[in-house]
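First the structure, in the form of structure tokens, and then the observations on it.
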Amino acid sequence: EAARRDRVAQAILARCTAIAAARGLELGVERIHDLPPSPCDEGLMALMDAALESAGQPVFRLVSGAGHDAMNMAALCPTAMLFLRCRGGISHNPAEHVEPEDAQIALQVMLGFIDRLGERPYAR
């Protein structure tokens, strides 16, 4: 949600400004990237949730601030995402590491998701 995102960004900026002032520093901020929020499609996410449950995995939804392809694709078609567990929670970084077992679980979930796409239309 744009309003929620903007409130959090303003709170972060206010805190950074306060820290800079307390340390006698100047702070300059320039917005260089601002795409609208692109929530995942609820119908597709319901299918993803079912695939997760079928694979014995808990359903856990994340808010992602990363500029994923889904942000650009959302203008063309419904999107959904599956995140893989990374060692230490580090992703989008050269230190990112996914255990083979987690990659296997993700494959199982995605195959279940794809099978469900073919079984019935989903609600948008």
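The values are calculated or read from the model by the stated rules, or taken from the named source; none is laboratory data. All values derive from a computational prediction rather than experimental measurement. In this analysis, Cβ positions are derived from the backbone assuming ideal geometry, glycine residues included, and neighbour counts consider all displayed protein chains. Side chains are part of the model used for accessible areas, which takes the heavy atoms of the whole protein and leaves out ligands, DNA and RNA. Shrake-Rupley method; radii C 1.70, N 1.55, O 1.52, S 1.80 Å.
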Exercise. Can you pull out the residues in segment 39-61 that are touching a Gly at 6+ places or on another chain (Cβ under 8 Å) and either exposed (fewer than 11 other Cβ atoms within 10 Å of the Cβ) or among the hydroxyl-bearing types (S, T, Y) (or both)?
Worked result: S54
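Among the residues of segment 9-23, write down those that are of a type outside the set (A, V, I, L, M, F, W, C) and open to solvent by less than 90 Å² (accessible area, probe 1.4 Å).
Selection gives T17 alone.
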For this session: Starting from residues that are exposed (fewer than 12 other Cβ atoms within 10 Å of the Cβ) and touching a residue at least 24 places away in the same chain (Cβ under 8 Å), keep the ones in segment 83-124 and report whichever is nearest to P37 (Cα to Cα).
Result: R124
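Tell me whether segment 62-73 contains one or more residues that are within 30 Å of A9 (Cβ to Cβ), touching a Ser or Thr at 6+ places or on another chain (Cβ under 6 Å) and open to solvent by less than 60 Å² (accessible area, probe 1.4 Å).
Of segment 62-73, the ones within 30 Å of A9 (Cβ to Cβ) are 62-73.
Subsequent filtering for residues that are touching a Ser or Thr at 6+ places or on another chain (Cβ under 6 Å) retains 70-71, 73.
Right, trim to open to solvent by less than 60 Å² (accessible area, probe 1.4 Å) and you get 70-71.
Yes, the conditions are met somewhere in segment 62-73.
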Exercise. Hey, R61 hits all of (1) of a type in the set (K, R); (2) modelled with pLDDT of 95 or more; (3) closer than 30 Å to A3 by Cα but one; which does it fall short on?
Worked result: (2)
Problem set entry | Given (1) touching a residue at least 12 places away in the same chain (Cβ under 8 Å); (2) farther than 30 Å from F60 by Cα; (3) in a helix (DSSP H, G or I), index of the condition V29 fails | (3)
For this session: Inspect all residues belonging to segment 40-47 and state whether any of them is assigned to a loop (DSSP other than H, G, I, E, B) and under 17 Å from the mean Cα position of the chain (by Cα).
Result: yes
Exercise. Which ones in segment 39-61 are closer than 17 Å to L84 by Cβ and touching a Ser or Thr at 6+ places or on another chain (Cβ under 7 Å)?
Worked result: C40
Seminar exercise, completed: Pairing a residue in segment 35-54 that is over 15 Å from L76 (Cα atoms) with any residue that is in a helix (DSSP H, G or I) and of a type in the set (G, A, S), where Cβ atoms lie under 7 Å and the two sit 6 or more apart in sequence or on different chains, gives A51/G112; S54/G112
